[in-house]
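**Student:** Let me give you the structure first, and then I'll get to my questions.
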Amino acid sequence: MNQPSVHAGRMMLAPWSLRKRLLESRNAEVTGRIGNFMAKAEVLAGFHRYHRTDVLVAGGNPWLNTFLLASLARKGIRTLLVPTESDSEDQWNYKLIRHPVFRATVDRVAGMALSPTDHVEWADHYFGVMACRISAAEDQAMVLQPGKTITASILNPNGALHFFVRDGKPMVQSSNDPGSLHSRRSVERAYASATRLKVNKCNGKLHTVIFADTLIQTSQVFGIAEPQTADADDETNEGRVIRLGSARRRLNSVDDAIKQPFEDFLVAGDMVSRMSMKGL
């Protein structure tokens with residue numbers, strides 16, 4: 001029997017290494033000596049709840065979200081997806097799925113066969129395949145429940161990653177993502193194939209904390225802090241941030257808009273292979 005996609009419990013019962021992450025860092029909402037003392041006391045007293053996963057995927061790009069969740073979970077890597085509202089300024093070239101060369105590249109990276117030639121049918125086929133793989137991965141693939149989001153990632157020089165769950169607004173997909181009501185329903189079915197991670201109602205300063213070894217952003221995510229210089233210059237095995245999609249870079253030319261989706265899928269496919277070989 002596989003281990004659950006996330007380990008969960010009260011902070012009092014959390015491994016010391018996880019509690020130490022919170023004790024060594026400051027909640028972004030806490031200032032001053034008294035506030036810092038209280039935050040640490042809450043951790044020691046075990047008031048917070050926590051969840052632990054190998055990889056946390058966050059962003060509003062459904063193509064990359066579903067591929068990563070399906071592929072990582074399929075390799076036995078505990079993966080939690082936090083789908084976010086699409087950014088109206090997202091520059092990722094979603095219309096590229098109309099191009100047969102791009103679809104053929106995704107087919108190869110994702111290991112899909114007998115894909116339809118029509119781009120609308122191909123999109124349905126893609127999300128259908130991802131839904132089947134997510135469902136087959138069972139407890140390795142989870143999606144954060146609707147109405148919840150994450151904020152205040154803590155990235156310290158030791159590479160530790162943890163996130164606070166907060167109440168959010170219902171997700172509203174923009175017209176760019178994924179392009180039509182029909183396709184959005186396919187995306188929702190793919191997400192629905194994963195186990196739902198339910199989080200208790202947020203209670204004042206007491207948080208639900210998600211610990212992850214790796215964060216993969218598929219678009220810009222509001223509320224997640226930028227890494228400190230020490231993280232960027234000295235990446236550790238204990239924690240990493242990987243940026244794909246519109247989180248990776250802003251596009252400066254038509255050539256960039258054409259190349260980036262290709263590069264993202266190739267990088268994502270290679271990354272899945274490397275993580276599975278390392279046994280992450």
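**Student:** Would any residue of segment 76-111 have its amide N under 20 Å from a label point 7 Å out along Cα→Cβ of C132? List them or say none.
**Tutor:** The answer is 76, 103-111, whose backbone nitrogens lie closer than 20 Å to the label point.
**Student:** Next question, about the same structure. State in Å² the accessible area per residue of segment 63-119; use a 1.4 Å probe, count heavy atoms of protein chains only, and round to the nearest integer.
**Tutor:** For segment 63-119, the per-residue accessible area is 44 Å².
**Student:** Same structure, new question: If packing is taken as the average count of other Cβ atoms within 10 Å, what order do 139-150, 70-81 fall into, highest mean first? Write out the running numbers ahead of the final one.
**Tutor:** Values: 139-150: 20.2, 70-81: 24.7.
Peptide ranking by packing, descending: 70-81, 139-150.
**Student:** What list of ³J(HN,Hα) values in whole Hz, one per residue of segment 207-218 in order, does the Karplus curve 6.51 cos²θ - 1.76 cosθ + 1.60 (θ = phi - 60°) give from phi, with Gly and Pro shown as x?
**Tutor:** Using θ = phi - 60°, the values come out as 10, 9, 10, 10, 9, 9, 7, 9, 10, 10, 9, 9 Hz.
**Student:** Would you mind checking which residues have amide H under 5 Å from H162's amide H? H placed 1.01 Å from N; only 5 or more apart, or other chain.
**Tutor:** I154
The values are calculated or read from the model by the stated rules, or taken from the named source; none is laboratory data. In this text the structure is predicted, and so the values were computed from the model without any measurement. Glycine also receives a Cβ, built like all others from the backbone with ideal geometry; neighbour counts cover every protein chain displayed. Heavy atoms of the whole protein, side chains included, go into the accessibility calculation; ligands, DNA and RNA do not. Shrake-Rupley method; radii C 1.70, N 1.55, O 1.52, S 1.80 Å.
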